[in-house]
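Laboratory data are not the source of any read-out in this text; all were calculated from the coordinates shown. Since this is a predicted model, take the numbers as computed values, not measurements. Glycine gets a Cβ as well: all are built from the backbone with ideal geometry, and neighbour counts include every protein chain shown.
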Amino acid sequence: MEMSGTRTIAADRETVWRHLNDAETLRACIPGCEELTGNPEDGFEAVVKQKVGPVRATFKGGVALSNVNPPESYTISGEGKGGVAGFAKGAADVTLAEVAEGTELGYAVDAKVGGKLAQLGSRLIDGFARKMADEFFDRFKARVEGPEA
C-alpha cells in the first residue's frame, strides 16, 4: 500500500522538525499509541492498540530514523507485531519545506500488512491507513500550532 500527501503547518521549519523528533509529541499524535519510548538517535519502541474492521490488535514494535537531514527530511521506518492479528511494517519519507504560510510537511508512505489483517482486503486496509494518517497529521498540526508549542 502506498499513499502520500502534504500538510501546511503554521510554524517555522525548525519548530516542526523539533516536534517530529520528540517522543512525547509523537506519542500524543499516533492514534492508539499507549506507549512510546526512546529517542531519534537510538530509535523508538512503541505499543499501539487499534481495531481494523473486526480485528483488534495490540502492536508492539520498533521505529527507526534514517537518511536524517535536519531540518529538511528523514525516513521513518518500523514494524509492529500484533500476535494472531498479524503484522504491519512500512516506511515513510518525510520532507519539510519553507513556504509563506510556515512549513509544508510532505510524506510518502509504503506499508505492508500480514496475517489476519491482510485477509481484510486492500480497500478496508487502505481506508483505515488513510484515516490513521489524517488523524496523526491533524493532531500533529494542532499540537505544533497550539498554545504550548
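Here is how the numbers come out for the structure above:
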| read-out | value |
| --- | --- |
| Filter result for Glu135 (out of contact with any Asp or Glu (no Cβ under 7 Å at 6 or more places or on another chain), of a type in the set (Asp, Glu), touching a residue at least 12 places away in the same chain (Cβ under 8 Å) and within 21 Å of Asp22 (Cβ to Cβ)) | yes |
| Count of residues meeting criterion [surrounded by fewer than 15 Cβ atoms within 10 Å (Cβ to Cβ), aliphatic (A, V, I, L, M) and closer than 30 Å to Ala118 by Cα] in segment 4-22 | 0 |
| Residues that are out of contact with any Ser or Thr (no Cβ under 7 Å at 6 or more places or on another chain) and assigned to a loop (DSSP other than H, G, I, E, B), drawn from segment 100-148 | Ala100, Gly121, Gly146, Pro147, Glu148 |
| Counted residues, segment 87-101 - those being more than 11 Å from the chain's Cα centre (by Cα), surrounded by 15 or more Cβ atoms within 10 Å (Cβ to Cβ) and among the aliphatic types (A, V, I, L, M) | 2 |
| Residue identified as in contact with a Leu (Cβ under 9 Å, 6 or more places away or on another chain), more than 17 Å from His19 (Cα to Cα) and without any contact (Cβ under 8 Å) to a residue 40 or more places away in the chain among Gly62, Gly82, Gly115 | Gly82 |
